[in-house]
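First the structure, in the form of structure tokens, and then the observations on it.
Coordinate-derived values only; no laboratory data. Everything numeric in this text was worked out from a predicted model, so none of it was measured. In this analysis, Cβ positions are derived from the backbone assuming ideal geometry, glycine residues included, and neighbour counts consider all displayed protein chains.
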């Protein structure tokens, strides 16, 4: 195995010289080399091709979505998903398959309905935000006051919103890197708390979404210390309609009814399995995804696809002629969606061995094709990942990796992280809606993601490169 | 006006000669000339350009969908839509605006829900078919038996389906001409009657649809003399899921609950307005669309867009320097969706003057761009329409025009018909669903449809061509 590593390093050195000769080195400009992967060595090319030809990941996400389906934290579906995870890891032949208990909240959506009452009556397609309190049994009927942004709402006089239903009408931009989500999601996360503190009766948001279907997008909200008021998302066409009614200049009245409520906490689990390293089993490459989903769809893109990607990646690498030197640890996290319970529990339970985590990665963006690589590692680790990006014909992206939400609790320990940046152009059409179903996963795209994971993880797991620690400075999440 | 007509005829003769010189004449092969419209005379080109630059049609469909919204037969929304139609025609300056009473059925959807109970439990997104009876209050729970086509169901032993819930799992093909709809719709129209006659407890169909969203597609079913059993459509992803459960080979159980029911008939109305002809006002070019919609969406593509197209076309032609010689009669029909009540009532009420209907056209395919022309007219009428197709750069399609559903009751009287064939590739993604909303109407495409209607109607309405009678033989509808 060591000689194989040595020959790989020699080869990489050669490529580095070639790159210098070509005037390369600025990998942020690697776009033009993306269409071919001239530098992929034969073993990696074979691994990539095997991944591209395999439908294992698609079969896994089909199994999870068809046989289990919706699996929100605390639900019966979630318990079945944990059983599915254990059984699947065992079936795939993983080592050390076990669960670790995680306490999770148990919020239930109940019945959600609403209607615009005036000036032009319409039934409204809406859904409660995750964690929302319910309305009184008779619902809430009040005048609507609209704001285009959270900032405009925050700076409004309390008197303007007291006793009203507030409508936050911010639109989300569609981009390949999905940054529009992060830019828009504060209306969902923080809007209801702002509303509660200002004396509003309820908050409605335009779905944080790029699609345009009558299927509203849920997602977690957090009240903090603010008075808890009911909060719901309107589908994009319904938000358009409410905006048109507001724009008419006539008083707009809305009726909202939610029977959502929070039940006592439940115990769920992180599901963990390993492909033990051949020569450095104590060094861990962590491959994460989250097993929970929202309740509305069957959790195919969020995050059945991610579970399938990391499971299929580990299975592929377990079958290589030379097993990776380092251990691959697959973790299917509990309750990412409503408070990162699984990620926090993992960081705490494994605190003592975080120094042995040579890399952490998460798959949580559906089946969007991989276009780039980002890192938050040591300089040597970054050099290695740059070489992988180049060899796979992927763009190098200077934005520091964030590793995915479930790995964010590892940041304090400076665990090295990498992201395979997936195309997010379509992801936010269906994410957190009833439309998150198997047909939204493209089998070919999914195989491309697995192929990228497999080659990158193989390279890191068979390299002696010291990947950490990650740089201390991180952008705020 | 007569001299204008004469000069137009001279010009058309000249074009016919030019066509011969170019070896033309087979207009079915006109595809290659579609990208340019070299033969459009200046007045028609100006009319086309005026239509393309106008947002009148989009403003009209926005007004109907925002201010009225869902307007199924018999509903309060339908009554508001009739008021909207009258007010809009008056506002546009039409002559002879009036309503004609139409008796319509009043079916109400009620609450519709269902779930796959075994082997893998899932909530199911479904909706009752129009006209369906309800289930008992406790719902219906039974084993599922699936058939890929209506024919396979029809030929199955009654014993195989008695006491079962039948699942008709036929897929619809996506085509530009929308023929996949006609090929697939028998499962919806006739499947429940077949089920009733065979002793099934209920019928579920895969939505007759090209889209893939958790928004099921409703549409009328008819029981005839068969026992009435509850009937519902599953959304496409839910049909995929049920098919996967059936394919597992395990017994599949389903629970269905519908509170749908039929109330006493109501009186609605056809809304009629004219742009009176300048020299031959007794000759009528009929422009139809239907004012009713299904209840789930706001009826933007079906058929708010059609209402807007015919209203905008008539308004544009009313504003020409020379008003058309013949009368344009815009009819917004009552209740197309659930039995063609308005179309039948019009044919009966206007029986005596059907011989004066020189052409009938309907717009009922959303805002899909016009790509072709079809006719069912006299040979002279067909020659005129072929010249219009050529001049507009549209394909000539040899399939006989059907004029649209509302005009089908006029066929017996051999009223000449024309179709401007619209691109149906996307129409059946959203048709008959909650997703039939304003955002599905493309303003630019809609203006292109109006431009085609305006030029064609202008040519026919200002021509002395005897357009009828239509050929007797018609393909069965």
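Working ranking of peptides A:126-139, B:46-59, B:232-245, A:302-315 by packing, defined as the average number of other Cβ atoms within 10 Å per residue, highest first, is A:302-315, B:232-245, A:126-139, B:46-59. As a ratio to 2.2 N^0.38 Å, the alpha-carbon radius of gyration for the range A:127-207 is 1.12. Residue by residue along A:222-231, Cβ atoms of other protein chains within 10 Å of the local Cβ number 0 on average. Each copy carries a label point for residue A:276 at 7 Å from Cα toward Cβ; from one copy, the others' points are 9.7 nm away, ordered from shortest. To the nearest 10 degrees, how steep is helix A:76-91 against the longest Cα principal axis of chain A, on a 0 to 90 scale? The angle comes out near 10 degrees. Residue by residue along B:211-218, Cβ atoms of other protein chains within 10 Å of the local Cβ number 5 on average. In chain A, the beta-carbon sitting nearest the axis that superposes A on B belongs to the residue given here with its distance in angstrom, A:213, 3. Among B:407-413, B:370-376, sorting by the average number of other beta carbon atoms lying within 10 angstrom of each residue, highest first, gives B:370-376, B:407-413. Among beta bridges identified by DSSP and lying wholly in the protein assembly as shown, the antiparallel ones come to about 55 percent.
Calculated translational diffusion coefficient of the protein assembly as shown (37 °C, 0.692 mPa s; Stokes-Einstein with Kirkwood radius over alpha-carbon pairs) equals 107 µm²/s.
Looking at chain A, send over the antiparallel percent of its DSSP beta bridges, to the nearest 5. If I count the DSSP bridges inside chain A, around 55 percent turn out antiparallel.
The value of relative contact order for the range B:359-477, using C-alpha pairs under 8 Å at least six residues apart, is 42 percent.
In degrees from 0 to 90, rounded to the nearest 10, what is the angle of the helix A:379-392 Cα long axis to the longest principal axis of chain A? Rounded to the nearest ten degrees, it is 90. Average 1/r across all pairs of distinct alpha carbons in the range A:270-417, invert it, and you get the Kirkwood radius: 15.7 Å.
Just so you know, the Rg over Rh for the range A:104-167 is 1.00, from Cα atoms, with Rh as the Kirkwood radius. Helix B:2-21 against the longest principal axis of chain B: what's the angle in degrees, Cα atoms only, rounded to the nearest 10? Tilt relative to chain B: about 70 degrees. Dividing the helix sum by the residues of chain A, where each DSSP H run of 4 or more adds -39500 (n - 2.57), gives a mean residue ellipticity at 222 nm of -10000 deg cm²/dmol. Scaling against 2.2 N^0.38 Å puts the C-alpha radius of gyration of the range B:170-328 at 1.43. Among A:266, B:159, B:395, the ranking by other beta carbons within 10 Å of each residue's beta carbon, starting with the fewest, stands as B:159, A:266, B:395. Over all distinct Cα-Cα pairs of the range A:381-428, the Kirkwood formula returns a hydrodynamic radius of 12.2 Å. One equal scatterer on each Cα of the range A:196-265, no solvent, Debye formula: the resulting log10 I(q)/I(0) at q = 0.19 Å⁻¹ is -0.93.
For the range A:305-391, a Kirkwood radius taken over Cα pairs fed into Stokes-Einstein (20 °C, viscosity 1.002 mPa s) yields D = 142 µm²/s. Sorted from nearest, the other copies put their residue B:52 label points 4.3 nm away, the label point being 7 Å from Cα in the direction of Cβ. Taking every C-alpha pair closer than 8 Å and separated by at least 6 residues, the mean separation divided by the residue count of chain A gives a relative contact order of 22 percent.
Counted over the range B:319-477, the DSSP beta bridges are approximately 65% antiparallel. Pair-distance distribution P(r) for the range B:287-327, from all Cα-Cα distances in 10 Å bins starting at 0: 28, 39, 22, 10, 1 percent.
What number results when the radius of gyration of chain B, computed over Cα atoms, is divided by 2.2 N^0.38 Å?
Here the answer is 1.02, to two decimals.
Pairwise Cα separations in the range B:92-238 fall into 5 Å bins from 0 onward with the following percentages, short to long: 2, 10, 18, 21, 19, 12, 7, 4, 3, 2, 2, 1, 0. Neighbouring Cβ atoms from other chains, within 10 Å of the Cβ of residues in B:272-281, number 0 on average.
Using R0 = 41 Å, the C-beta based FRET efficiency linking residue A:276 and residue B:141 works out to 0.25. The calculated FRET efficiency for residue A:103 paired with residue A:79, based on their beta-carbon distance and R0 = 22 Å, is about 0.95.
Ascending distances from the residue A:162 label point to its copies in the other chains, with the point 7 Å along the Cα-to-beta-carbon line: 7.2 nm.
Give me the distance between the Cα centres of the range A:262-300 and the range A:320-375, rounded to whole Å. That distance is 8 Å. Let's test the formula: R0 of 35 Å, r as the Cβ-Cβ distance of residue A:156 and residue A:179. What FRET efficiency results, to the nearest 0.05? Once the sixth-power term is evaluated, E becomes 0.85.
Computed over the range A:224-307, the P(r) curve from all C-alpha pair distances, binned at 10 Å from the origin, holds 11, 22, 27, 19, 12, 6, 3, 0 percent per bin.
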